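Only one structure is covered here, and it is reproduced in the block below.
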Amino acid sequence: MIKQAIIPLAGLGTRLLPLTSVFPKELLPINGKPGIEYILDECIEAGVEEIIFIISKKKEMIRRYFNNDTFYKLIIKKKKDPRIIKEYKKILFFKKKIKFVYQNKPMGTGDAVLKTKKFIKNNYFLMLLPDDLIIKKNCSKEMIKIHKKFKGSVMASMKVEKNNVDRWGIYAIAKNLDKLNFKIADVIEKPNTKDAPSNNAIIGRYILPKKIFHYLKNQKKGKGNEIHITDAIRRMILDQNLFIGHKFKGNYLDCGSMNGYINSGIEISKL
Ligand code: G1P
C-alpha cells in the first residue's frame, strides 16, 4: 500500500530568479493556483493519506500558507465570503495531511529523502518532485498500479533530446516488461552525452522502497557535490532490487525553469 508521499521543497529555485528571491517557487501561481497544489491534488487522488514536506528555514512561507488559521477565521468572520470559505476548507483539508521536516542545507535530493526516515511506515512510499508537473493523466496513480503488479520500485520516465541528457537521471533498460514499463539495468545522474546509456530520462515521480534509507545513510556525494537519490537507486539496482521505468501517458511540464514555468500556465489554462 502506498499511503505516504514525500515532497522535497528545500531547493533554492535559482532558475526562477528573481521570482524566487523572496518567494518559494512552489507557491508561485500557475493559472491561479500555487504549483504545489497541483502536486498535492495528484497524490491525494492517487490514494495517499499523508504527505511529508521537506522544507528549510528559508521556505517557512510554505508552512505558513497551510497554517494560517487565525487569519482566515478573522476574514471569514468579517466577510462571510463563500469563495474564501471554500478556499480555506481546501487549505484545511491539505493541512491535515501534511507533516513538515527540515533540510536546512541544500545537500541534494538523496539527503532530503533521508530526512523523512523516521516518518515512513510502510515498505514503499511515493516521492514527487514539485518542478515536474504531469497533466492530463494522474501519473502517481498509474505508477501505484504498476508497483502492485510487478512488486518493485517505479520511476516515471520519458525520452529526452540526446543533447539534453545531462539535465536528467538517465537509465539503461534490462528488458521490456510490457509496452510502457521497463526493468532498469542501470541509472546515471546527469551523464555527458557520450556516457549516457540511452535518452530515457527519469521524471520526478518515484515509488521508493523503505530499504533505500539504508543506502542513503552512507551515500557518497556525487555530481555537483550533492547526495543524489539516483546514486542510491543505482546501488540498489546493482544489488538486484527491481526498479521499473514507467513511460507515463500524461503531458510533462517543467515549471522549475522560467520558460517552462510560463508555458505551464499557458498549457494548464487550456485544460
Ligand atoms: C532530479 C534528479 C534527476 C531527475 C530530475 C527530474 O534532478 O536528480 O535524476 O531526472 O530530478 O526532474 P533536478 O531536477 O533536481 O536537477
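Determine whether Ile212 is over 22 Å from Gly256 (Cβ atoms), buried (at least 22 other Cβ atoms within 10 Å of the Cβ) and touching a helix residue (DSSP H, G or I) at 6+ places or on another chain (Cβ under 9 Å).
Judged against the criteria, Ile212 is a match.
Step by step: first the residues of the stretch 180-199, then only those that are over 20 Å from Ile229 (Cα atoms) and touching a residue at least 12 places away in the same chain (Cβ under 8 Å), then the one that is surrounded by the fewest Cβ atoms within 10 Å (Cβ to Cβ). Which residue is that? Reasoning before the result, please.
Applying the first criterion (over 20 Å from Ile229 (Cα atoms)) to the stretch 180-199 yields 180-181, 193-194.
Still in the list and also touching a residue at least 12 places away in the same chain (Cβ under 8 Å): 180-181, 193.
Working: Leu180: 15, Asn181: 19, Thr193: 12.
The extreme case among them is Thr193.
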Residue hits (the stretch 98-124; within 15 Å of the ligand (Cβ to nearest atom) and of a type in the set (D, E, K, R)) are Asp111
By residue number, the members of the stretch 1-18 that are more than 14 Å from the ligand (Cβ to nearest atom), touching a residue at least 60 places away in the same chain (Cβ under 8 Å) and surrounded by fewer than 24 Cβ atoms within 10 Å (Cβ to Cβ) are Met1, Ile2, Lys3, Gln4
Considering only the stretch 225-250, how many residues are touching a residue at least 60 places away in the same chain (Cβ under 8 Å) and either of a type in the set (A, V, I, L, M, F, W, C) or within 15 Å of the ligand (Cβ to nearest atom) (or both)? 17
Going by the conditions given, is Met127 under 25 Å from Lys217 (Cβ atoms) and either in a loop (DSSP other than H, G, I, E, B) or within 16 Å of the ligand (Cβ to nearest atom) (or both)? yes
Among the residues of the stretch 223-246, is there at least one that is among the polar types (S, T, N, Q), touching a strand residue (DSSP E or B) at 6+ places or on another chain (Cβ under 6 Å) and over 30 Å from Pro34 (Cβ atoms)? no
Which residue pairs have Cβ atoms closer than 8 Å, lie 6 or more positions apart in sequence or on different chains, and pair a first residue in the stretch 116-131 that is acidic (Asp, Glu) with a second residue that is surrounded by 19 or more Cβ atoms within 10 Å (Cβ to Cβ)? Asp131/Gly11; Asp131/Lys25; Asp131/Gly204; Asp131/Cys255; Asp131/Gly256
Which pairs do you get when a residue that is at pLDDT 95 or above, found in the stretch 155-177, comes within reach of a residue that is of a type in the set (D, E, K, R), reach meaning Cβ atoms under 6 angstrom, with the pair 6+ apart or on two chains? Ala156/Arg205; Ser157/Lys247; Asp166/Lys190; Gly169/Glu189; Ala172/Asp186; Ala174/Lys183; Lys175/Lys183; Leu177/Lys183
I'd like to know if the stretch 154-163 contains one or more residues that are β-branched (Val, Ile, Thr), farther than 17 Å from Asp111 by Cα and surrounded by 16 or more Cβ atoms within 10 Å (Cβ to Cβ). yes
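Return the residues of the stretch 162-216 that are among the small types (Gly, Ala, Ser) and either within 9 Å of the ligand (Cβ to nearest atom) or out of contact with any strand residue (DSSP E or B) (no Cβ under 7 Å at 6 or more places or on another chain) (or both); say none if nothing qualifies.
Residues of the stretch 162-216 among the small types (Gly, Ala, Ser): 169, 172, 174, 185, 196, 198, 201, 204.
Gly169, Ala201, Gly204 - these are the residues of the stretch 162-216 that are among the small types (Gly, Ala, Ser) and either within 9 Å of the ligand (Cβ to nearest atom) or out of contact with any strand residue (DSSP E or B) (no Cβ under 7 Å at 6 or more places or on another chain) (or both).
The values are calculated or read from the model by the stated rules, or taken from the named source; none is laboratory data. What you are looking at is a predicted structure, and each value in this text was computed from that prediction instead of being measured. Neighbour counts run over all protein chains shown; Cβ positions are idealised from the backbone, glycine included.
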